[in-house]
1. Cβ-Cβ below 7 Å, separation at least six or inter-chain, first residue in the range 318-339 and more than 14 Å from LYS302 (Cα to Cα), second of a type in the set (S, T, N, Q): which pairs?
2. Condition test on SER348, is it modelled with pLDDT under 95, over 26 Å from SER143 (Cα atoms) and out of contact with any Ser or Thr (no Cβ under 9 Å at 6 or more places or on another chain)?
3. Need at least 2 residues that are β-branched (Val, Ile, Thr) and modelled with pLDDT of 95 or more per element, so show me which helices (runs of 4 or more DSSP H) inside the range 241-332 make the cut, counting only ones lying wholly within it.
4. Limited to the range 83-122, what total is found for residues that are out of contact with any strand residue (DSSP E or B) (no Cβ under 9 Å at 6 or more places or on another chain) and touching a residue at least 12 places away in the same chain (Cβ under 8 Å)?
5. What are the pairs with Cβ atoms under 8 angstrom where one residue, in the range 48-76, is closer than 30 Å to ASP114 by Cβ and at pLDDT 95 or above and the other, located anywhere, is charged (D, E, K, R) and part of a loop (DSSP other than H, G, I, E, B)? Sequence gap at least six, or different chains.
6. Yes or no: THR179 touching a strand residue (DSSP E or B) at 6+ places or on another chain (Cβ under 9 Å), surrounded by 24 or more Cβ atoms within 10 Å (Cβ to Cβ), polar (S, T, N, Q) and modelled with pLDDT of 95 or more?
7. Just the residues that are assigned to a loop (DSSP other than H, G, I, E, B) and either modelled with pLDDT under 95 or in contact with a Pro (Cβ under 9 Å, 6 or more places away or on another chain) (or both), please, taken from the range 2-25.
8. Just to verify a result, which residue in the range 124-136, among those that are within 16 Å of LEU78 (Cβ to Cβ) and in contact with a Pro (Cβ under 9 Å, 6 or more places away or on another chain), is surrounded by the most Cβ atoms within 10 Å (Cβ to Cβ)?
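The values are calculated or read from the model by the stated rules, or taken from the named source; none is laboratory data. Just so we're clear, the structure is a prediction, and the values are computed from it rather than from any experiment. Here the Cβ is made from the backbone with ideal geometry for all residues, glycine too, and neighbour counts use every protein chain on show.
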Amino acid sequence: MRNFSYQNPTKLIFGKNTIASLAGEIPQNARVLLTYGGGSIKKNGVYEAVKKALGSRAVFEFGGIEPNPRYETCIKTLDIIKKENIDFLLSVGGGSVLDATKFIALAAKYNGADPWDFMCGKAQTPNEALPLADVLTLPATGSESNANFVISRNSTQEKFGGWSPLIYPKFSILDPETTYSLPVKQTANGIVDAFVHTMEQYLTYPEYAPLQDRWAESILTTLAEQGHVGINEPNNYDVRAALMWTATMALNGLISRGVPEDWATHGIGHELTALYGIDHGQSLAVVMPGLWRNQFEKKKAKLAQYGHRVWGLLSRKRGQEGHDEIAVLAIEKTEDFFESLGVPTKLSGYGVNAAEAAEKISKRFESRGLTSAKGLGENGCIGPKEIKEILESR
């Protein structure tokens, strides 16, 4: 196991009727900007519960934040923040709303001309941020318990991630009942998202970290067991609670301590979203199996472990031949799982030409200086050539 440090300052408030906890968590004199998405919180009672809990505080609102939040939308909040002297941000929604809110928290303190500069590496991330918290309504990204965020920019068709220790939520309220009204598509995408988050920290090469492996495998097993039930029984509190907590645990930094990480699937998937508008979870379902096949020799030991421990796969063949067979079957089993949730694993399922996407996206990475010798993945060996091969196979 490698050396590591770990600190997660976010307070998690989990369970039924916990939105009322807002009353005691936000300072009474705070000037709050409430951020949300397309308005579903006004249909399912969440908005009303939040407003009631906020009481007499000065509250201003900004809605319309998209899935895969756009820079062009987020930047509109800065005038409101300045005009109304906002000093606290409250995200109410899923991971996209929270990602946008994290970006806004940093952008509000940025002194340069264009906050996009710190997203694409042209400037340093601000060393100040507005405090923020959230009421989570869609389990998927784990953003409620980490300092990560991802933003897209329409004008350049780019999507980049960021990180800052300043944007851990002060607290996150996780009430599983807020997820009852989620559309099936969003629930399925969320399951895939959490599944792939776990894989990016787990399915690399063997490192002697048995506890981290078992933690990751328990998350994957829970998602595999509970996913279909969550879709078929949307008002099953116990299952919804399990899915919400599992998604949080998938990306709160715990399972990645002391082990190698990948994240190439996310890097490639972001480009599919930026160029073709494919949902984040959908892009991951497309890329990850292709990446595993492309990097099979480097990943097969962990693939075999995953196939055996999570899916219970066995082989009648002995030795390495048997391990290789389980590794191959593990990839197929993962594709079958995603497809069974209604999430296609081929680009044709989204009306995208694989050859065209492979050419465009590999050239994008090439223009950024990526090479096979200094590339993506835990081994740093996934460059434009490998990215093209991965996407051509999808």
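1. Correct list of pairs: GLU335/THR345; PHE338/THR345; GLU339/THR345.
2. On the way: modelled with pLDDT under 95: no; over 26 Å from SER143 (Cα atoms): yes; out of contact with any Ser or Thr (no Cβ under 9 Å at 6 or more places or on another chain): yes.
Here the answer is no, as SER348 does not meet what is asked.
3. Numbers: elements: 264-276, 280-294, 296-311.
Here the list reads 264-276, 280-294.
4. Total meeting the criteria: 5.
5. Close Cβ pairs satisfying both conditions: PHE62/LYS76; THR73/GLU66.
6. Working: touching a strand residue (DSSP E or B) at 6+ places or on another chain (Cβ under 9 Å): yes; surrounded by 24 or more Cβ atoms within 10 Å (Cβ to Cβ): yes; polar (S, T, N, Q): yes; modelled with pLDDT of 95 or more: yes.
So THR179 passes the test.
7. Initially, the range 2-25 is screened for residues assigned to a loop (DSSP other than H, G, I, E, B), giving 2-10, 15-17.
Listed by number, the residues that qualify are ARG2, GLN7, PRO9, THR10, GLY15, LYS16.
8. Going residue by residue through the range 124-136, those that are within 16 Å of LEU78 (Cβ to Cβ) are 126, 128-130, 132.
With the extra rule that they be in contact with a Pro (Cβ under 9 Å, 6 or more places away or on another chain), the set shrinks to 126, 132.
Numbers: PRO126: 19, LEU132: 24.
Among those that are within 16 Å of LEU78 (Cβ to Cβ) and in contact with a Pro (Cβ under 9 Å, 6 or more places away or on another chain), it is LEU132.
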